[in-house]
Amino acid sequence: MDETVAEFIKRTILKIPLNELTTILKAWDFLSENQLQTVNFRQRKESVVQHLIHLCEEKRASLNDAALLDIICKFYSVLLTQESQTALRHHTLDWGNFIVSCTEGIWKSWKLCLFFFFFFLNKVTVSFRETEENAVWIRIAWGTQYTKPNQYKPTYVVYYSQTPYAFKSSSTLRRNTPLLGQALTVASKHHQIVKMDLRSRYLDSLKAIVFKQYNQTFETHNSATPLQERSLGLDINMDSRITHENIVEKERVQRITQETFGDYPQPQLEFAQYKLETKFKSDLNGSILAEREEPLRCLIKFSSPHLLEALKSLAPAGIADAPLSPLLTCIPNKRKNYFKIRDK
């Protein structure tokens, strides 16, 4: 086994939490069950890694085998529960997405075409892995004319069969993005690829927004619970002497909030960015700003660990009036969190 492959596998394994290591190694399906039974996973992680590297050397692991382990490592990190994602935060990716117009039943030719597109490029390695949910994970390590592919800064693409969408990791270098778009266009046998202004660390949330499944996928509420009891925290056993002020207004705010966001948890996004471009308007003659030919520009960015849930809670908490601005509430319907606002 090549030294660079051994180092790549070592670094990949070191990033995996010890309690998840066995599960990921079994999913990798490179080492046999008998080989894994020889590993004492209760000893120090450095010793575990050394034993695993020795087993990989015996089986002469290739660069493609190491790349598949890396794909599986990323695959599990974005599909685990929220608690596990917190533990694996160093592994999670920032995802953006492309629209790729693919027809049903062409995945084999799509994969083959993509492979050969990159095959004719110098210094690029491509790996694939199909998953149980009809998704294909693609890993691309980029090099240059003078350097080998950098296995530690790859691009990850997830394509869902029978849909027109592919999601890519936002870590892709700018110089490689056009080439990736060209490859996906050729592979999907269409004339163009369109980039959507939507990005998040949570792939499931992006899927829910793009496929408009968030009112199904993320629905966990009990619809039998009365709205008034949910919204105001009223208790039927509450002391009768306690009086709620503005109860009618609170019910109105809750009703509008529910109509706007729905009565279910929101997909998880971390920010929304707005670029404003406007001309100064004034009836005063001789105003310096009124004579300015260049428009006024500014950038506003809202950020939160869970932006849509934060926006949903503003009006019920009394922080904002209801309804909120459509610029804030249209994010799931517009399927974007980058906006450009210009004068008409």
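We did not get these values from a lab; they are worked out from the coordinates using the rules stated. Computed from a predicted model, the values in this text were never measured in an experiment. Cβ atoms come from the backbone with ideal geometry, glycine included; neighbour counts cover every protein chain shown.
Can you put ILE13, ILE140, ILE256, ILE247 in order, fewest other beta carbons within 10 Å first?
With the sparsest Cβ surroundings first, the list reads ILE247, ILE256, ILE13, ILE140.
Annotation: lysines with alpha-carbon distance below 23 angstrom to LYS281 (same-chain offsets under eight excluded): LYS340, LYS344. Ordered by the number of other Cβ atoms lying within 10 Å of each residue's own Cβ, fewest first, PHE302, PHE8 fall into the sequence PHE302, PHE8.
From least to most packed, judged by other beta carbons within 10 angstrom and beginning with the fewest, CYS330, CYS56 follow the order CYS330, CYS56. The lysines within cross-link reach of LYS207, meaning a Cα-to-Cα straight distance under 18 Å and a gap of 8 or more places when in the same chain, are LYS74, LYS168, LYS195, LYS334, LYS336.
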